[in-house]
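Visitor: The structure that follows is given in the form of C-alpha cells.
No lab work stands behind these numbers, since they all come straight from the coordinates. Because the structure is a prediction, the values reported are computed rather than measured. For neighbour counting, all protein chains shown are included, and Cβ atoms are generated from backbone atoms with ideal geometry for every residue, glycine included.
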Amino acid sequence: MPSGGPEIEQLIQLLARLPGLGPRSARRAVLHLIKKKEQLMLPLSAALDRAVVAVKSCEVCGNIDTVSPCSICSDPRRGDSGILIVVEDVADLWALERASPGQVRYHVLGGVLSPLDGVGPDDLNLEMLISRAPDYSEIVLAMNATVDGQTTAHYITDRLGPGTKVTRLAHGVPIGGELDYLDEGTLSQALRARTQI
Ligand code: ZN
C-alpha cells in the first residue's frame, strides 16, 4: 500500500520507471534518499536541475554532452585514426570509450531497424552517417549481436556501398568465458571467426 504522502509516492513511481529499478527498489531508494536528506537528496535534486539545463545531444554524432558538437567531435586529434564507430545508443558509445579504443570518433544511430516495433530507416540517425562516412577510412559497425542489430548492420553496409571499408566487432568467446557455459550460436561464431596466434 502507498504510504508517506503524494509527493513521496510520485517520487517512487518516477524512480520505478528507470531501467533496472522496479517499484520495490524505487521504494528502497526513496527511503534511503529521505534518510540521507542533506548528504544525498538535496545534492541529487540540485544535480538533476543542473543536468536538465546543461544536457545537449551532439548535432554531429548524437552523443550526450553539455556542449554541441560534443567533446569527442570537437577534439581535433580524434579524427587521426580515420575510424568511425557506429553504435546503437549513447550507452554503447560510453561503454566503448571505457575500453580506450584510441583516437576514434563515433556515430549514434539512436536504435536499430525493427519491423516488429515499427522502426524504419527514417527513424534512425542514418542520413548523417551516410554524409559523414566519406571523411573516414574505416566504418566499424558496433551493433549489438541481436537479429535487429545485425539486420541494421547489413542495411548500413548496403547503403554505404562497395567503396567504403566496413568492419564489425568480432563475435565469440568472452574474456574469462568458459566454453562449456556458452550457447551453440556463440561457439559456432567463435569457431568461424578464429584467428592465428
Ligand atoms: Zn559528437
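Visitor: Using a 10 Å cut-off on Cβ atoms, rank the peptides 30-42, 87-99 from the highest mean neighbour count down.
Guide: So the order, starting with the most tightly packed, is 87-99, 30-42.
Visitor: Under 14 Å between alpha carbons, and skipping anything fewer than 8 positions from residue 165 in its own chain: which aspartates and glutamates qualify?
Guide: Leaving aside aspartates and glutamates fewer than 8 places away in the same chain, those within reach of residue 165 are 135, 138.
Visitor: Also, I was wondering about something else. Per residue, what volume in Å³ does the Cα convex hull of segment 1-70 take up? Kindly include the intermediate steps, with their values, before the conclusion.
Guide: On the way: hull volume 7.4 nm³, N = 70.
So the per-residue hull volume is 106 Å³.
Visitor: Treat the count of other C-beta atoms within 10 Å as a stand-in for reagent exposure and order 106, 136, 155, 181 from fewest to most.
Guide: Placing the least packed residue first, the sequence is 181, 155, 136, 106.
Visitor: If you build the convex hull over the alpha carbons only and average its shadow over all orientations, what do you get for segment 64-103? Give it in nm² to one decimal.
Guide: Working: hull surface 11.6 nm².
Hull-based average projected area comes out at 2.9 nm².
Visitor: On average over all directions, what projected area in square nanometres does the chain have, based on the convex hull of its Cα atoms?
Guide: Values: hull surface 65.7 nm².
Answer in nm², one decimal: 16.4.
Visitor: Also, quick follow-up: Please give the contour-minus-distance gain from residue 54 to residue 159: 0.36 nm per residue of separation, less the Cα-Cα distance, rounded to one decimal in nm. Present the calculation step by step, with values, prior to reporting the outcome.
Guide: On the way: separation 105, 0.36 × 105 = 37.80 nm, distance 3.48 nm.
Gain on extension, residue 54 to residue 159, equals 34.3 nm.
Visitor: For the chain, what does -39500 (n - 2.57) per DSSP helix run (n ≥ 4), summed and divided by total residues, give at 222 nm, in deg cm²/dmol to the nearest 500? Present the calculation step by step, with values, prior to reporting the outcome.
Guide: Working: 7 runs with 75 residues, N = 197.
Using -39500 (n - 2.57) per qualifying helix, the result is -11500 deg cm²/dmol.
Visitor: Considering Cα pairs under 8 angstrom that are at least six residues apart, work out the relative contact order of the chain and quote it in whole percent.
Guide: Relative contact order, the chain: 12 percent.
Visitor: Still on this structure: What is the Cα centroid distance between segment 150-185 and segment 111-139, reported in whole angstrom?
Guide: First find each Cα centre; the distance between them is then 17 Å.
Visitor: Now, a different point. Would you please put 123-131, 188-196 in order of how densely packed they are, using the mean number of other Cβ atoms within 10 angstrom per residue and starting with the highest? Before the final figure, lay out the partial values.
Guide: Numbers: 123-131: 15.6, 188-196: 10.3.
Highest mean packing first, the order is 123-131, 188-196.
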